[in-house]
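S.K.: Structure incoming, see below.
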């Protein structure tokens, strides 16, 4: 006999809106004419995320009072889970804004057809015919929906499905970069392989837990009392012969799977490569939203296990805490120390994200109920700064300039060809002069990540360290503080380059970096490099020298670093992130009050 | 009642936002670079109005109750973390607020031509100066540990940009990074102590939403070990800021590479946060631990006095030399604080003000001197015989120098004698001996000041320096208030001492809990 389950549709609404819009997005690909497709997708995606957030806001007062289990516990909507969903929706919205920006160059960050083999004529053809890969928007919605589900379930199988729903689109998205496509595809392959490995560990852990408890749900189904992981622990099953090993091994494997998604050491190896290779807007989306989902899931799994074991078997609890502590220390150490020797902005931000995983785990390791609130705040503060920072990275570009072709005559687009992003830290020298507002915003994000007071990052870090201290882990909090000092050093390095150093292509400085198209251009290059002030006479002279001294004339081409104008969405996202960083740093009270309500995840 | 302190904090912020943010929007190459150049006048106007606000605050302040924190305002800021926006000043705080308010217009005037004519650069510069001023005023007013910590860290950011972006020396970026890393390192150690205070305060039963109020925390008995650990956390941060041997090494680099104006704000005002923090946070919050640590602190303070002075004598760079003299003077200030005598503590409080005036004058005049050199050389050896060329400059330099060596008749003399006499009768073991050991510091000060004066100003003018212009009107306007201040306070020290005596007596009473009289004092302060 089948009985139709009672389903609280409102509680599912945020998920349904986002995932449903993803499905609609796929249909849009099929039925909407090509020229309207992109705009339709963008509007649909943003509307879905905003709608999802609206439902979360509507649900909030109700869930804070009484958490609900929907569809027999497959979706367990606690205030903590709902809070994580809300943060994911907000961050995804901002992330999509960055994705949607085509900038003044008229191109977005994605390959015309990602399936074309790099370097083939088909790729050329696709580029010339102006194709666009608008499938990225439904993929983003699927990923966001998966993340929201990932953060709000009590059922390990549903959690596994959510893990795949969020990961598979991300694997694809990683491979879609317009430029440096091989690197992008390599990143995707790496992410996919390691991700599959982590998924396997996760599902194996789930199997072991099932073996222990006969259930994959922590609290169990309300209609079947006594069945579930926690009831099994509390009924003393862990005392059985070999049973506690099943539980511990299962939980550890599940935790490893989650730590992989969090990007914690020693499961972090994918992070720098994937963050570097993926299209930058995707990196921002991934770094911010995936971290929220993974940490939220990790906190729920760990704390639910802790609720079960700490009364029955404190020894397991202690071991579990030790594992998290060790991982937290390693993550902070690797993130900050290795991060401080990076020479690429995206890689540096990747290590910064690893270090932040460490700081988050410092708080989580406290196993204290107030940690939930501070973790949510940390995730929000970190996510905002991350999306903003990667948004800025998308706008700092290389530009090929041919001397003598009127290089200093007008804005970008009229002259030299704008290439990919300039991600080497050295290239960011003098950015403060070229784009003061953008630099100010980026500096703000860096200061927030460094945890300087009056930015959101400080309040977040304060919460993480008090979390560890409240759990009695004083020394861990002190280690966290020490790691912060190292982290400050590495953010500072980037700041110094941007603000204090002069640009290599600053007219007042001799030129350093030159790219030449043919060997014959060498004399021209030498001439350009010594012409301190850029007057048309000097450049014309350079061209003339080259003409006279070489037979096969092509003028020297130079790579300049330029800041392209946003067409709007990315600028809005960066501005919102910057303002939010300051507001959350100076007046965090309202948001802190909200996340404090969320510090509940037992239904 | 008019919120004087909030007004004093907010006004420069408005100015900074107005002048500084507008600079971000301007393109470096745009026509605005050659614009009308309103940045400096507007900033000067803001800083002068600020002086007006300060006068109002002084009138509203009741000198009869200088030990109490007056003009107080308390609002909830982040109740979830337990921090409030709580401001209030006692006599010492008010004098330091006055120092930060008075020095800014002088620094702006002194730097009038130093940053060139680029309007964008000027806007950023004066914007940062005003921002720094707001933070400095606020930190001297803060009556909430968390608020104090936030400001203590936040003010590093404008200071960092002022050193690294607008300094003169080739090593300015390194100096800026060194400054920031030292200060942040100390600050984060302090953060660990702040986090601990949070839990101990809650454990002691303080209302969670305002656990960081200094007045609440001062009444809590933290337990010996915790108190000592937290004292160390706070003290390291303050010692780095102060700066005190052995964590002073950032200061000479900053002094040698920043502009004289920046150095003035940094060393004469911002660094006072270190000694001010020792006086108003370490002593009341951790009285037992302060007594426990006093012998070591006094020893380090005296070492700072002597080491700073000896290093100053050995310097070849004029601005570095002034930097080292400050290490020596901060040693005196710390010595006075940790002798736990009313005389010594009052002397230290007074000296914080005097050091600001004297060293500020010395930095600014040295800056005027350097700006006259054709190559902007800071080497002492590149100058000679300027007394006949620039007599007013020489005279001003001499007065500032004499104030630095504490000549009787100048304000610095009074405070230094108070510190030494106080230390001689100080309660920590061996403080009399250390007081005697510090006395040579006074003699060494005479050596570095007079030798420098002799090298630069006596003899025959060096080649190329025969036609240097004397102090301009603008520069005289800058130097005059400082010199007059030093003279007036030297002749009538009572003007300032009325503000510092009562707080000194109270803080001494707080740290000597063994005597029965103090319970009354302590409960008095809590009410």
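S.K.: Taking the number of other C-beta atoms within 10 Å as the exposure measure, put B:74, B:225, B:511 in order starting with the fewest.
M.R.: Going from sparsest to densest Cβ surroundings: B:225, B:74, B:511.
S.K.: Separate question: Along the Cα→Cβ direction, 7 angstrom out, place labels at residue B:314 and residue A:197. What is the inter-label distance in nm?
M.R.: 5.6
S.K.: While we're here: At a 10 Å Cβ-Cβ cut-off, how would you order A:334, B:150, B:322, fewest neighbours first?
M.R.: Ordered by Cβ neighbours within 10 Å, fewest first: A:334, B:150, B:322.
S.K.: Let me ask you something else. Counting helices only, and only those DSSP H runs with n ≥ 4, report the 222 nm mean residue ellipticity of the protein assembly as shown as the sum of -39,500 (n - 2.57) divided by its residues, in deg cm²/dmol to the nearest 500.
M.R.: Dividing the helical sum by the residues of the protein assembly as shown leaves -22500 deg cm²/dmol.
S.K.: Could you tell me whether chain B comes out rounded, prolate or oblate from its Cα gyration tensor? Rule is a ≥ b ≥ c as square roots of the eigenvalues, rounded for a/c under 1.5, then prolate if a/b exceeds b/c, otherwise oblate.
M.R.: oblate
S.K.: Neighbour counts of other C-beta atoms within 10 Å: give me A:190, A:291 arranged from fewest to most.
M.R.: A:190, A:291
S.K.: With just the Cα atoms defining each centre, how far is the range A:276-293 from the range B:232-300? Give it in Å.
M.R.: One Cα centre to the other: 43 Å.
S.K.: Using only the alpha-carbon atoms, how far is helix B:39-60 inclined from the longest principal axis of chain B? Give it as 0 to 90 degrees, nearest 10.
M.R.: So the helix axis and the longest Cα principal axis differ by about 40 degrees.
S.K.: Here is a further query. Set the Förster distance to 22 Å, then compute FRET efficiency between residue B:38 and residue A:440 from the Cβ-Cβ distance, nearest 0.05.
M.R.: 0.55
S.K.: Distance between the C-alpha centers of the range A:32-46 and the range A:437-468? Whole Å please.
M.R.: 36
S.K.: Within a 10 angstrom radius of each residue's Cβ in B:185-195, how many Cβ atoms of other chains show up on average? Whole number is fine.
M.R.: 6
S.K.: In degrees between 0 and 90, to the nearest 10, how far off the longest principal axis of chain A does helix A:243-262 point, with axes built from Cα atoms?
M.R.: 20
S.K.: Here's a follow-up. Between rounded, prolate and oblate, where does the protein assembly as shown land on the alpha carbon gyration tensor, with a ≥ b ≥ c its root eigenvalues, rounded for a/c under 1.5, else prolate if a/b exceeds b/c?
M.R.: oblate
S.K.: Another question about this same structure. Could you work out the relative contact order of chain A? I mean the mean sequence separation of Cα pairs under 8 Å and 6+ apart, divided by the number of residues, in percent.
M.R.: Averaging sequence separation for qualifying contacts and normalising by length gives 16 percent for chain A.
S.K.: Considering Cα pairs under 8 angstrom that are at least six residues apart, work out the relative contact order of the range B:286-527 and quote it in whole percent.
M.R.: With pairs under 8 Å counted, the relative contact order is 29 percent.
S.K.: Note down the nm distance, to one decimal, between modelled labels 7 Å out along Cα→Cβ at residue B:446 and at residue A:227.
M.R.: It is 9.6 nm.
S.K.: Taking a label point 7 Å from the Cα of residue B:463 along the Cα→Cβ vector, which residues of the range B:348-373 have an amide N closer than 19 Å to it?
M.R.: B:373
S.K.: For helix A:156-174, report the angle its Cα long axis makes with the longest principal axis of the Cα atoms of chain A; keep it between 0 and 90° and round to the nearest 10°.
M.R.: 0
S.K.: Tell me, what is the FRET efficiency for residue B:49 and residue A:204 to the nearest 0.05, using R0 = 60 angstrom and their Cβ-Cβ distance as r?
M.R.: FRET efficiency, residue B:49 to residue A:204: 0.30.
S.K.: To the nearest 0.05, how large is the calculated FRET efficiency for residue B:292 and residue B:432 if R₀ is 22 Å and r is the Cβ-Cβ distance?
M.R.: My answer for the efficiency is 0.70.
S.K.: Averaged over its residues, how many other protein chain Cβ atoms are within 10 Å of peptide B:158-169's Cβ atoms?
M.R.: That works out to 2 on average.
S.K.: Tell me, how many Å apart are the Cα centres for the range A:125-199 and for the range B:179-227?
M.R.: 46
S.K.: Given points 7 Å out from each Cα along the Cα-Cβ axis, report the residue A:326 to residue B:76 separation in nanometres with one decimal.
M.R.: For the pair residue A:326/residue B:76, the computed spacing is 4.4 nm.
S.K.: By how many nm would the segment from residue A:572 to residue A:7 grow when fully extended, if each residue of separation counts as 0.36 nm and the alpha-carbon distance is taken off?
M.R.: Fully extending the segment from residue A:572 to residue A:7 adds 199.6 nm.
S.K.: Something else about it: Tell me whether the range B:249-328 comes out rounded, prolate or oblate; compute the Cα gyration tensor, take square roots of the eigenvalues as a ≥ b ≥ c, and use a/c under 1.5 as the rounded threshold.
M.R.: Oblate shape, in that a/c is at least 1.5 and b/c is the bigger or equal ratio.
S.K.: What percent does the relative contact order of the range A:70-160 come to when contacts are Cα pairs within less than 8 Å and at least six residues apart?
M.R.: Reported relative contact order: 47 percent.
S.K.: Continuing with the same structure: Could you state the orientation-averaged shadow area of the convex hull built on the Cα atoms of the range B:130-260, in nm² to one decimal?
M.R.: Across all orientations, the range B:130-260 yields a mean hull projection of 8.3 nm².
Readers should treat all values here as calculations from the given coordinates under stated rules, not as data from a laboratory. Computed from a predicted structure; not experimentally measured. No Cβ is skipped: glycine too gets one built from the backbone with ideal geometry, and neighbour counts run over all protein chains shown.
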